[in-house]
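What follows is a single structure, and I will ask about it in a moment.
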Amino acid sequence: MRGNADHETTGLYPVPADWAARAHVDEGAYNIMYETSVTAPEAFWLHHGQCIDWFKPFTKVKNTSFAPDNVSIRWFEDGTTNVSYNCIDRHLATRGDQVAIIWESDDPGHDIKITYRQLHTHVTKWANVLKSQGVARGDRVTIYLPMIPEAAYAMLACTRIGAVHSVVFGGFSSDALADRIAGAASSVVVTVDEGLRGGRKVPLKANVDVAANKLAGVVTSVIVVKRTGGDVAMTVGRDRYYDELAASVPDDCPPEEMGAEDPLFILYTSGSTGKPKGVLHTTGGYLVYAAMTHQYVFDYHDGDIYWCTADVGWVTGHSYIVYGPLANGATTLMFEGIPTYPTISRFWDVVDKHKVNTFYTAPTAIRSLMGAGEEPVKRTKRKSLRLLGSVGEPINPEAWEWYHRVVGDRRCPIVDTWWQTETGGILITPLPGATKLKPGSATRPFFGVRPEIVDAEGKVLEGATEGNLVIAESWPGQMRTVYGDHKRFEETYFATYPNKYFTGDGCRRDADGYYWITGRVDDVINVSGHRMGTAEVESALVAHPSVSEAAVVGYPHDIKGQGIYAYVTLMTGEKSSDALSKELVAHVRKEIGPIASPDLIQFAPGLPKTRSGKIMRRILRKIAEDEYGGLGDTSTLADPAVIDDLIANRQNKR
Ligand code: 6R9
């Protein structure tokens, strides 16, 4: 109970004694290692770059420039390696029979355990199947799969032959999928007949058909995994079942020797403007960073059972379900289902069933489970749990305390990990054996990471302060470019504050040097931990024939973190109605996917604009937040009267 007494007087949760004893790094070691990592990065990364196996060792550690019109990021550039070799082959001699992946299906009665040796067999088969479809080094493969082991096999198979995967979240619509297939110019698509979530079937193959038919001639091969065995349409000459293809390819497939800076994967993510960007990560630096952060942040030791509940369609699934854990030879759990099926105790039942030690999830899941009270958690044991993690959005202190007290029985530290698709791995986080915790704070930078807080003009603010979060130096897991558009990469991330990487997040630093992420400062919103550009939702809305103009903002939502509030101006002659409101929601779901559905739609005859015609989102945000007092200066508005109408017709939060 020493811990709680300390917490009451200082507000800090100390490192539990058993953690300080077992952890790879304690507080003293963290301080020394962090200091070395920023004062002598070459030496630091020369050493830590060895956490993966290299075919040809690198001699150059770092070669990076953040100059706004000449951004170039290269790590370990003369080394060669292979990601699937590191995630599979190198473990075979010592842990071939250890479980690599525990797959827990949607149905609580069904799970599969895949050993490293079995993983090797699956991935080499998959690699040869991809080759049989013409995939060669450098080609892009789109993977549109639910949470089934084949998602990991297909990803690893791409890395084995040097192909570049682009995983598209299974919740995206056929239109969103088509955009991503076209963006990556990917002629091969891997999918499933149907997905299964919460007992419901999801028609992924049918979505691929719509997307592929829209892109005449781009997609030449669709590889279909059987999950439900449902009857799906198969286009002759284009679509083949994986099983049939696998039956006629050899078993063996040696890993390609890849350069450290060869592209590894593309992952589309939302920005504040325009279409989603294809974030490109490369081979060596990404894998070193994913493996190393997985080891230290989750204090991974041999034998740990590790579970990250993210979807492989997001970066968290890439780095912390697949690449980080497998590079470290861990047992990683992959869950097909949802937290509420068949009961709201499902997460904790799975923890007990598989004796999970580390559990990593998103605040939105915690908040929605909190709503059902303690009993569904307390009826499970959770004795195996040692460490809890949080990612995707700021975790409010109430949810943090509940997670700590109810789920972790006050025994398990929580690592609140801040990072982004662009960063490849975790940048600001506690280390469980080293960092005292403050609920709601992502605490301290990881090794090699130099966060700074700047004001609007880019002046670096010292001490306890608040402003915009930038990173002053490169780290190995950093994205290298926007696929096919290096200019956009430079303009998006390096032009706002020259010579610094701009994160898009606001941040506060307290007197103890702890970082508190305050949320996005740009037009990106975070709905249930899913990143969404307001511009994307707007462009979906204005594509509807009744809509002339739309402005979308986020508003605080108890469970989702942020909800989507859409202001819509109709074409002259169109009448607003509940039916039209529903139709617009359905339209956005079709254009992007269910995660982009507006929670509230307000029909507005006019939107607040400056005289130059720019929509003043600041005002719309305040109205959506129900904070009229804070509307600020409205004198630059072209027509101040629109404000009264907007306030009078404000939609109530659900
Ligand atoms: C990994 C991931 C990135 C954005 C990021 C920030 C928010 C993520 C957070 C967090 C506060 C945390 N975010 N983790 N905010 N505390 N621990 O989520 O990547 O989907 O690209 O989203 O998510 O706003 O900028 P991505």
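Percent of accessible area on the chain owned by carbon and sulfur, 1.4 Å probe?
Heavy-atom surface of the chain belonging to carbon and sulfur, 1.4 Å probe: 51 percent.
Under 1.5 on a/c is rounded, so check that first for the chain, then, if it is not, pick prolate when a/b is larger than b/c and oblate when it is not; a ≥ b ≥ c are the square roots of the alpha carbon gyration tensor eigenvalues.
rounded
Classify the stretch 322-381 as rounded, prolate or oblate from the Cα gyration tensor: take a ≥ b ≥ c as the square roots of its eigenvalues, call it rounded if a/c is under 1.5, otherwise prolate when a/b beats b/c and oblate if not.
Cα axes put the stretch 322-381 in the prolate bin.
Tell me which trypsin sites (Lys or Arg not before Pro) from the stretch 312-394 have a DSSP coil assignment and no more than 16 other beta carbons within 10 Å of their own.
LYS355, ARG379, LYS381, LYS383
May I ask you to order 596-604, 232-240, 421-429, 309-317 by the average number of other C-beta atoms within 10 Å around their residues, highest value first?
The packing order, highest mean first, is 421-429, 309-317, 596-604, 232-240.
Quick one: ranking TYR323, TYR241 by accessible area, 1.4 Å probe, largest first, what do you get?
TYR241, TYR323
Something else now. I need to check one value: relative contact order of the chain, counting alpha carbon pairs closer than 8 Å and at least 6 residues apart, in percent.
Once divided by the residue count of the chain, the mean separation gives 13 percent.
Can you classify the stretch 1-117 as rounded, prolate or oblate using the Cα gyration tensor, where a ≥ b ≥ c are the square roots of its eigenvalues, rounded means a/c under 1.5, and otherwise it's prolate if a/b beats b/c and oblate if not?
Verdict is oblate for the stretch 1-117.
Along the charge dipole of the stretch 184-278, Cβ charges K/R +1 and D/E -1, which of THR191, LEU264, VAL208 sits furthest on the positive end?
The Cα lying farthest towards the positive end belongs to VAL208.
Order 554-560, 534-540, 284-290 from most to least packed using the mean count of other Cβ atoms within 10 Å.
284-290, 534-540, 554-560
With the cut-off at 19 Å, tell me which of the pairs LYS353/LYS381; LYS62/LYS277; LYS60/LYS487 have Cα atoms farther apart than that.
Where the Cα-Cα span goes over 19 Å, the pairs concerned are LYS62/LYS277; LYS60/LYS487.
Taking amide H positions as placed 1.01 Å from N in the peptide plane, with prolines and chain starts having none, which residues 5 or more places from ILE143, or on another chain, fall under 5 Å of its amide H?
SER166, VAL167, VAL168, VAL190
Can you order the peptides 326-335, 247-256 by their average number of other Cβ atoms within 10 Å per residue, highest first?
326-335, 247-256
Below 25 Å, Cα to Cα, which lysines can LYS436 reach? Residues fewer than 8 away in the same chain don't count.
Partners found: LYS383.
How big is the charge dipole of the chain about its Cα centre, in debye rounded to the nearest 20, if each Lys and Arg gets +1 on its Cβ and each Asp and Glu gets -1 on its Cβ?
640 debye
Now, a different point. Defining a contact as two alpha carbons under 8 Å apart and six or more residues distant in sequence, what relative contact order in percent does the stretch 479-609 show?
17 percent
Now for a separate question. Give the cross-link partners of LYS614 among the lysines, using a straight C-alpha distance below 18 Å as the criterion and excluding same-chain residues fewer than 8 apart.
Counting by Cα, and skipping residues close in sequence, LYS614 has these lysines nearby: LYS622.
Dipole of the stretch 183-334, Cα-centred, from +1 at each Lys and Arg C-beta and -1 at each Asp and Glu C-beta, to the nearest 20 debye?
With Lys and Arg at +1 and Asp and Glu at -1, about 900 debye.
Of the options ASN526, PRO108, LEU12, report the single residue whose Cα projects farthest towards the positive end of the charge dipole of the chain (beta-carbon charges: Lys, Arg +1; Asp, Glu -1).
PRO108
How much mean residue ellipticity at 222 nm does the chain get from its helices, if each DSSP H run of length 4 or more adds -39500 (n - 2.57) and you divide by all residues, to the nearest 500 deg cm²/dmol?
Calculated at 222 nm, the ellipticity per residue is -8500 deg cm²/dmol.
Select from VAL552, HIS47, GLY329 the residue farthest towards the positive end of the dipole of the chain; place +1 on Cβ of Lys and Arg, -1 on Cβ of Asp and Glu, and compute about the Cα centre.
Projecting each Cα onto the dipole axis, the largest value belongs to GLY329.
OK, next. Around SER384, with a cut-off of 9 angstrom between Cβ atoms, what is the net charge of the other residues, counting Lys and Arg +1 and Asp and Glu -1?
Charge balance in the 9 Å sphere: +4.
Taking the Cα centre of the stretch 90-158 as origin, sum charge times position over the Cβ atoms of Lys and Arg (+1) and Asp and Glu (-1), and report the length of that vector in debye to the nearest 20.
520 debye
What whole-number distance in Å separates the alpha-carbon centres of the stretch 284-342 and the stretch 83-120?
The stretch 284-342 and the stretch 83-120 have Cα centres spaced 13 Å from each other.
The values are calculated or read from the model by the stated rules, or taken from the named source; none is laboratory data. Not measured: the values here are computed from a predicted model. Positions of Cβ are generated from backbone atoms using ideal geometry, with glycine treated the same way; all protein chains shown enter the neighbour counts. For the accessible areas, the whole protein counts, side chains as well, though only heavy atoms, and no ligand, DNA or RNA atoms are used. Shrake-Rupley method; radii C 1.70, N 1.55, O 1.52, S 1.80 Å.
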